[in-house]
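**Student:** A single structure is presented below for examination.
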Amino acid sequence: MDDILKRRSIRRFVDRDVSAEAVTKILKAAMAAPSAGNQQPWQFIVVRDPASRKKVSECSAYAHSAAEAPVAIVVCGDLSREKHQGYWMQDCAAAVENMLIEVTSQGLGAVWLGVFPRQDRVDYLRKYFNLPENIVPFAVIPVGYPAQELPPADRYDENRVHYERW
Ligand SMILES: Cc1cc2nc3c(=O)[nH]c(=O)nc-3n(C[C@H](O)[C@H](O)[C@H](O)COP(=O)(O)O)c2cc1C
């Protein structure tokens, strides 16, 4: 629970690299996510090259942090792996949340940059990475050591909870 509440969107990073081992653990967390029928319809592009991260950051007006973090992970849906149609985005969202929690537990910071379903962002990244037709960019996750500290989020609101009936 601690890491879940501690997880906040980190958009500024110090000048310190993130190890390959740390990235592998983040991807391991992603791939441990639940998915419909265990279809695991995800693929990941790990981007370290600064010029490439700059390009990725230009996928939307709200993605500048991809240029600033030492690594940006592009989470993609792989439609060719869909056994249960229409669930791939929920599966990828579960993978992203797992990534963010693992990032937090490692003392790193990250932010979920939305791509899908904004068609202009999807098209931009599809073109930049020359993605095959079955691969849909879903989100970009910049990861680095935080240059900002945010308090844990406690958004529990009992008015949103309904017992037995509405
Ligand atoms: C689907 C989704 C898309 C998001 N897209 C962006 C984005 O494009 N740029 C950004 O800076 N933050 C983005 N965020 C982060 C949210 O702004 C953030 O999670 C929210 O304000 C709550 O703050 P917290 O993450 O610090 O708890 C996105 C979050 C989600 C779940």
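Values in this text are rule-based calculations from the coordinates and carry no lab data. Note that the structure is a prediction, hence the values are computed from the model and not measured. Here the Cβ positions follow ideal geometry from the backbone for every residue, glycine too, while neighbour counts run over all protein chains shown.
**Student:** Label points 7 Å out from Cα along the Cβ direction at Arg165 and Tyr128: separation in nm?
**Tutor:** 5.2
**Student:** To continue, here is another question. Would you mind telling me which residue in Pro41, Pro142, Pro132 has the biggest mean-square fluctuation in a Gaussian network model of the chain, where springs connect alpha carbons within a distance under 10 angstrom?
**Tutor:** Comparing Pro41, Pro142, Pro132 in a Gaussian network model of the chain, the most mobile one is Pro132.
**Student:** Can you give the extra length, in nm with one decimal, that the chain gains between Ala147 and Asp49 once fully stretched, where that is 0.36 nm per residue apart less the Cα-Cα distance?
**Tutor:** Net length gain for the segment: 33.2 nm.
**Student:** Still on this structure: So, with +1 on the Cβ of K and R and -1 on the Cβ of D and E, and no other charges, what is the size of the charge dipole of the chain about its Cα centre, to the nearest 20 debye?
**Tutor:** 300
**Student:** Evaluate the Kirkwood expression for the hydrodynamic radius of the stretch 118-166, namely the inverse of the mean inverse distance over all pairs of different C-alpha atoms, and round to one decimal in Å.
**Tutor:** The Cα-based Kirkwood calculation yields 15.5 Å.
**Student:** Considering only Asp78, Asp49, Asp154, give the residue with the highest GNM mean-square fluctuation for the chain, with springs between Cα atoms whenever their separation is below 10 Å.
**Tutor:** With Cα springs under 10 Å in the chain, the top fluctuation among Asp78, Asp49, Asp154 is at Asp154.
**Student:** Scan the chain and report its longest stretch carrying no trypsin sites (Lys or Arg not before Pro) that are both in a DSSP loop and have at most 16 other Cβ atoms within 10 Å.
**Tutor:** 119-154
**Student:** Related question: Which of the lysines could a cross-linker bridge to Lys54, judged by Cα under 24 Å and excluding same-chain residues fewer than eight apart?
**Tutor:** Lys127
**Student:** On to the next question. Membrane-span-like helices in the chain: DSSP H runs reaching 15 Å or more (Cα, own axis), mean Kyte hydropathy at least 0.5?
**Tutor:** On the way: long enough: 20-31 (16 Å, 0.80); 88-105 (26 Å, 0.47).
Result, helices passing both filters: 20-31.
**Student:** ³J(HN,Hα) across the stretch 131-146 via Karplus (A = 6.51, B = -1.76, C = 1.60, θ = phi - 60°), whole Hz, x for Gly/Pro?
**Tutor:** With the stated coefficients, the stretch 131-146 comes to 6, x, 4, 7, 9, 10, x, 10, 7, 10, 10, x, 10, x, 7, x Hz.
**Student:** What aspartates and glutamates sit close enough to Lys55 to cross-link, taking a C-alpha to C-alpha distance under 18 Å and skipping anything fewer than 8 places away on the same chain?
**Tutor:** Those aspartates and glutamates meeting the cut-off are Glu68, Asp120, Asp123.
**Student:** On to the next question. Across the stretch 20-166, how large is the tail of the calculated P(r) beyond 28 Å, expressed as a percent of all Cα pairs?
**Tutor:** Details: 2388 of 10731 pairs.
Everything past 28 Å amounts to 22 percent.
**Student:** What spacing in nm lies between the two simple spin-label points modelled at Lys28 and His84, each 7 Å away from Cα in the Cβ direction?
**Tutor:** That separation, rounded to one decimal, is 2.6 nm.
**Student:** Quick one: what are the phi-derived ³J(HN,Hα) couplings along the stretch 148-161, Karplus 6.51/-1.76/1.60 with θ = phi - 60°, whole Hz, x for glycine and proline?
**Tutor:** Coupling constants for the stretch 148-161: 9, 10, 10, x, x, 8, 10, 10, 4, 9, 5, 5, 8, 9 Hz.
**Student:** Let me ask something additional. Between the stretch 9-80 and the stretch 106-166, how many Å separate their Cα centres?
**Tutor:** That distance is 10 Å.
**Student:** What lysines does Lys83 reach when the alpha-carbon gap must be under 24 Å and sequence neighbours fewer than 8 apart in one chain are set aside?
**Tutor:** Counting by Cα, and skipping residues close in sequence, Lys83 has these lysines nearby: Lys28.
**Student:** Please name which of Ile141, His64, Gln90 has its Cα lying farthest along the dipole of the chain towards the positive end, using unit charges on Cβ (Lys, Arg +1; Asp, Glu -1) and the Cα centre as origin.
**Tutor:** Looking along the dipole axis, the top candidate is His64.
**Student:** Looking at the stretch 63-166, which GluC sites (Glu not before Pro) are DSSP coil and have at most 12 other C-beta atoms within 10 Å of their C-beta?
**Tutor:** Taking the stretch 63-166 and a limit of 12 other Cβ atoms within 10 Å, the loop GluC sites (Glu not before Pro) found are Glu133, Glu149, Glu164.
**Student:** Plugging the Kirkwood radius over Cα pairs into Stokes-Einstein for the stretch 4-100, at a temperature of 10 °C and a viscosity of 1.306 mPa s, what D comes out in µm²/s? Walk me through the numbers before you get to the answer.
**Tutor:** Numbers: Rh = 14.5 Å.
Roughly 110 µm²/s, to the nearest whole number.
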